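Single-structure report; data block below.
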């Protein structure tokens with residue numbers, strides 16, 4: 001059953017803080033990606049296809065609100081956007097509960113390929129931090 005609620009997903013781009021214990025769920029790493037450095041501050045950040053509005057719409061349409069009541073309803077997820085737009089190392093940086101965390105991971109892992117970030121005209125790997133609010 002899907003709830004109708006708005007999921008607010010805000011880019012925090014250059015934030016390098018760690019927000020608690022990380023829970024790693026998925027790693028997809030091709031050999032071409034493994035030796036390339038990962039950047040956090042870049043000229044052009046990676047982008048969800050269609051921009052922030054489409055990313056928020058994607059989360060709103062795909063998140064199922066857990067039945068566990070919480071005052072704070074923010075989960076922070078991070079991942080690496082590779083040069084081909086695939087996502088790697090999807091990790092919960094700050095969670096609420098196993099139910100909320102698993103739901104955010106499920107939706108984050110189902111996102112389509114992103115438009116990769118670039119630096120000096122060259123496609124690069126970028127670590128992206130995304131707060132998701134229920």
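The values are calculated or read from the model by the stated rules, or taken from the named source; none is laboratory data. Remember, predicted model here, so these are calculated numbers, not experimental data. Here Cβ is always computed from backbone atoms with ideal geometry, including for glycine, and neighbour counts include all displayed protein chains.
Beta carbons closer than 6 Å, at least 6 apart along the sequence or on distinct chains, pair a first residue in the range 71-91 that is on the phi > 0 side of the Ramachandran plot and modelled with pLDDT of 95 or more with a second that is surrounded by 18 or more Cβ atoms within 10 Å (Cβ to Cβ) and not in a strand (DSSP E or B) for 85/114; 85/116.
Scanning the range 92-134 for residues that are in a loop (DSSP other than H, G, I, E, B), touching a residue at least 60 places away in the same chain (Cβ under 8 Å) and more than 21 Å from residue 44 (Cα to Cα) turns up 95, 134. Picking from residues in the range 107-124 that are surrounded by fewer than 16 Cβ atoms within 10 Å (Cβ to Cβ) and in contact with a strand residue (DSSP E or B) (Cβ under 9 Å, 6 or more places away or on another chain), the one that is nearest to residue 53 (Cα to Cα) is 113.
How many residues are part of a loop (DSSP other than H, G, I, E, B) and more than 13 Å from the chain's Cα centre (by Cα) if we restrict to the range 60-91? So the answer is 13. All of (1) at pLDDT below 95; (2) part of a loop (DSSP other than H, G, I, E, B); (3) surrounded by fewer than 17 Cβ atoms within 10 Å (Cβ to Cβ) hold for residue 50 with one exception: (1).
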